Amino acid sequence: MLDGMKRDMAVLRDGHAGTRFQKYRQHMCSQRDSKRSFSRVVSFVLGWLLVIGGLAIGWLPGPGGFIAIIGLAMLSREVPGIACALDFCEVVIRGILRWFGQLPLWIRLAMGVLIAGVSVLLVCSVYRLLR
């Protein structure tokens, strides 16, 4: 069982950006048999629970958004549209990070301070509204 999980993760890890999740889905489809239908249902339900739970706690400090992404990755095994969307998002995010990494250091620092300032303002505003 552990060897199978390692093999499945190797397919996901070694995939190329833009096709990684679709290839992983194809790999998982080729591994299916009638005995694994229960595990597919569990994976589907657990994926949705992680997405909903991650979105529900995503506004809290911590890994809420990452939990939702893990849920989407689990759902991509069963839903082709989610696999395509994750591949598209991966390419876009990698492009943004590449662009951001090419900026001069002082611009990156200024953007970080600006984002932190806006975040503090939003938290303070929500706190005042709820008080």
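The values are calculated or read from the model by the stated rules, or taken from the named source; none is laboratory data. This structure is a prediction, so every number in the text was calculated from the model and none was measured. The accessibility values were calculated without ligands, DNA or RNA, using every heavy atom of the protein model including side chains. Shrake-Rupley method; radii C 1.70, N 1.55, O 1.52, S 1.80 Å.
Considering only ALA116, ALA83, ALA73, the mean-square fluctuation computed in a Gaussian network model of the chain, springs between alpha carbons under 10 angstrom, is largest for ALA116. Rounded to whole numbers, the Karplus 3J(HN,Hα) couplings from phi for the range 100-111 are 4, x, 8, 6, x, 4, 5, 6, 4, 5, 4, 5 Hz, using 6.51 cos²θ - 1.76 cosθ + 1.60 with θ = phi - 60°, and x at Gly and Pro.
Against the empirical 2.2 N^0.38 Å (N residues), the range 43-131 has a Cα radius of gyration ratio of 1.39. Phi angles across the range 18-31 convert, under the Karplus curve 6.51 cos²θ - 1.76 cosθ + 1.60 with θ = phi - 60°, into 3J(HN,Hα) values of x, 9, 4, 6, 5, 5, 5, 4, 4, 4, 5, 5, 6, 8 Hz, Gly and Pro given as x. Think of a 1.4 Å ball rolled over the protein heavy atoms: the range 1-121 then has 71 Å² of accessible area per residue.
The reciprocal of the average 1/r between distinct C-alpha atoms defines the Kirkwood hydrodynamic radius, which for the range 1-100 equals 14.4 Å.
With contacts taken as Cα pairs under 8 Å and at least 6 residues apart, the chain reaches a relative contact order of 22 percent.
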